[in-house]
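*Asks:* Here it is: the structure, laid out below.
The values are calculated or read from the model by the stated rules, or taken from the named source; none is laboratory data. Being a predicted model, the structure only gives us computed values, none of them experimental. Note that we place each Cβ from the backbone using ideal geometry, even for glycine, and neighbour counts take in every protein chain shown. When the accessible area is computed, the model is the full protein with side chains, heavy atoms only, and any ligands, DNA or RNA have been set aside. Shrake-Rupley method; radii C 1.70, N 1.55, O 1.52, S 1.80 Å.
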Amino acid sequence: MDFTAHNQEFKIILGSSSVARKKIMADMGFKFTTMSADIDEKAIRKEKTEDLVMALAEAKADAIIGKLENLGNEEKDAKPTVVVSADTVVVYEGMIREIGFLPKN
């Protein structure tokens with residue numbers, strides 16, 4: 001499969017409202033749409049940061065796939081769809097922190 005924007009054989013949905021992630025995708029030449037996952041990120045907890053970011057990204061992708069299935073956009077000639085989701089967490093002094101709750105010096 002050709003991953004270049006010139007011959008994009010699939011539809012890409014970026015599951016993020018991150019300006020930085022949008023810029024990265026656009027700079028790479030991809031044509032994409034964005035869709036919000038609308039999940040409760042605080043309800044998903046893992047001890048290891050790498051497990052947490054994977055669980056959050058998977059939950060976002062699952063939520064977006066669910067939205068797409070509910071929309072019923074099943075056209076006979078529709079391109080395959082790729083959902084790209086990610087997450088970032090902050091670790092401060094060995095602990096996962098919520099943005100906005102970092103201790104001030």
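*Asks:* Which members of segment 13-36 meet the condition of being basic (Lys, Arg) and under 12 Å from the mean Cα position of the chain (by Cα)?
*Replies:* So the first thing to find is which residues in segment 13-36 are basic (Lys, Arg), and the list is 21-23, 31.
Answer for segment 13-36, where residues must be basic (Lys, Arg) and under 12 Å from the mean Cα position of the chain (by Cα): ARG21, LYS22.
*Asks:* I'd like the full set of residues that are in contact (Cβ under 8 Å) with a residue 40 or more places away in the chain and among the acidic types (Asp, Glu), limited to segment 9-55.
*Replies:* The answer is GLU9, GLU41.
*Asks:* Also, quick follow-up: Are there any strands (runs of 3 or more DSSP E) wholly within segment 7-95 with 2 or more residues that are among the charged types (D, E, K, R) and open to solvent by less than 100 Å² (accessible area, probe 1.4 Å), and if so which?
*Replies:* Values: elements: 11-14, 81-84, 90-92.
Fully inside segment 7-95 and qualifying: nothing.
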